[in-house]
Amino acid sequence: MNEVRLPFNARLTYTLLSIILIIFIAHMGQSIIVPLVFAFLLAIMLLPFASFLEHKGWPRWLAALVSVFAFVLLLAAVFTLLGAQMSSFASDFPLLQKQLMRSVYSSQQWVWRHFRIDVARQTNYVEKLAMGTLGSATTFISSTVFSIGSLLVFCVFVMLYAFFLLLYRTLLLSFLVKLIKEQHRDKLLDIVAQTRYIIKSYVSGLMLEMLIVAILNCALFAVLGLRYGLLLGIMAAIFNLVPYLGIFTAIVISMIVTLTTGNLLGAVQVGLALFLVHLVDSNVLLPRIVGSKVKINALVTIIGVVLGNMLWGISGMFLAIPLIAIMKIIFERIDYLSAWAILLGDMPHPKKSHLQPVPVDRTNLEADGTIEKTEEI
């Protein structure tokens, strides 16, 4: 049968319509898609521990349940560690608000004495700046305060989805293998193996990086004698997971809190300390810990984070980089999409091909039941 090749205009139209339809479905179905994506990343991160328990003779359902429960206990320990400072911060919030107003008034008087800009003009300028640059931050904080119940429900569904993904991972892979043509099955298994390897390395590396950044932040805040140093240090490390934008949000919030409990010099010191840790993280920790398993150029990273925020809000900003990494893996292994992999990737090494695969131990992947041989499936 002769293949019918459509004109370029028709192919471009179908492609654009497909992209619009995918974006529409992703936006309308975010209540189920976003928890599923988080659960997928969590399941990949917990898979080594679940496989270890299965090799010890545990049934798969029990290994998956214990793995998810262990992660819940880890989260509970972190929140318990922060609980005292969070409650203290909540009780002191009215006093902090008054102190912030006094600090703002003192700053306005200083500006008036040195630059002869009256208070009314300063207030007008600050209001415009707040409406223009801090509007999204205000929306995020207010939505966070009024959606604690939704957040708890979201976390419950993420844990449930992660449990079932660990439990039915072989079933899901069998479905994918049966869904595609036989001549493409080896390529599918390779994509699954590469995706698991890279996402596991990325997520585990990111968690280790966040832990080290949190320790550095808390240590510097302790040296500076900052109140709520533990809370702000861990908060800044979590915000640091959002590329480029997270660190500046963390600096602004930390400086405002410091200004309410201290003076302007202390706030500047906190901002400089966070920026110093960010420099160490960007130039030392991130390249060495997270590594360069999938290199994504800075332009695509920024665009992905912005589009993720437009599509799914804060969750989309966190998920942008892993999803782009998965897309790059798929594009590299499909011939007619390889050009898109080049567009997403970083500048290739002069002695290495940008399509060079990441080494994966396929024997171990098949042994743990996640990727079985096509003949057995």
- prompt: Heavy-atom accessible area of W61 with all protein chains present, probe 1.4 Å, nearest 10 Å²?
  reply: 140
field: Cα Rg, Dmax, the range 1-61, angstrom units
entry: 20.8, 58
- prompt: Ranked from the most accessible area to the least, with a 1.4 Å probe and all protein chains present, what is the order of S67, S315, S18?
  reply: S18, S315, S67
query: How much length, in nm to one decimal, is gained on full extension between V252 and Q183, taken as 0.36 nm per residue of separation minus their Cα-Cα distance?
result: 19.4 nm
task: Once you've got the Cα coordinates, tell me which of K187/K328; K56/K328; K56/K200; K56/K295; K56/K181 are over 25 Å apart.
output: K56/K328; K56/K295; K56/K181
- prompt: In the full protein assembly as shown, how much of R60 is accessible to a 1.4 Å probe, in Å² to the nearest 10?
  reply: 60
- request: State the percentage of accessible surface on the range 187-324 attributable to carbon and sulfur atoms; use a 1.4 Å probe and exclude ligands, DNA and RNA.
  value: 75
message: Need one value: the accessible area of K187 in square angstrom, 1.4 angstrom probe, rounded to the nearest 10.
response: 80
field: Probe 1.4 Å, accessible area per residue of the range 178-315, Å²
entry: 50
task: Mind ranking E332, E209, E182 by accessible surface for me, highest first, 1.4 Å probe?
output: E182, E332, E209
query: Any idea what the dipole of the range 180-283 comes to, in debye rounded to 20, about its Cα centre with Lys/Arg Cβ at +1 and Asp/Glu Cβ at -1?
result: 160
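The values are calculated or read from the model by the stated rules, or taken from the named source; none is laboratory data. Note that this is a predicted model, so its numbers are computed, not measured. Counting neighbours? That spans all protein chains shown, and the Cβs are built from the backbone with ideal geometry, glycine included. Areas reflect the complete protein model, heavy atoms only, side chains present, ligands, DNA and RNA absent. Shrake-Rupley method; radii C 1.70, N 1.55, O 1.52, S 1.80 Å.
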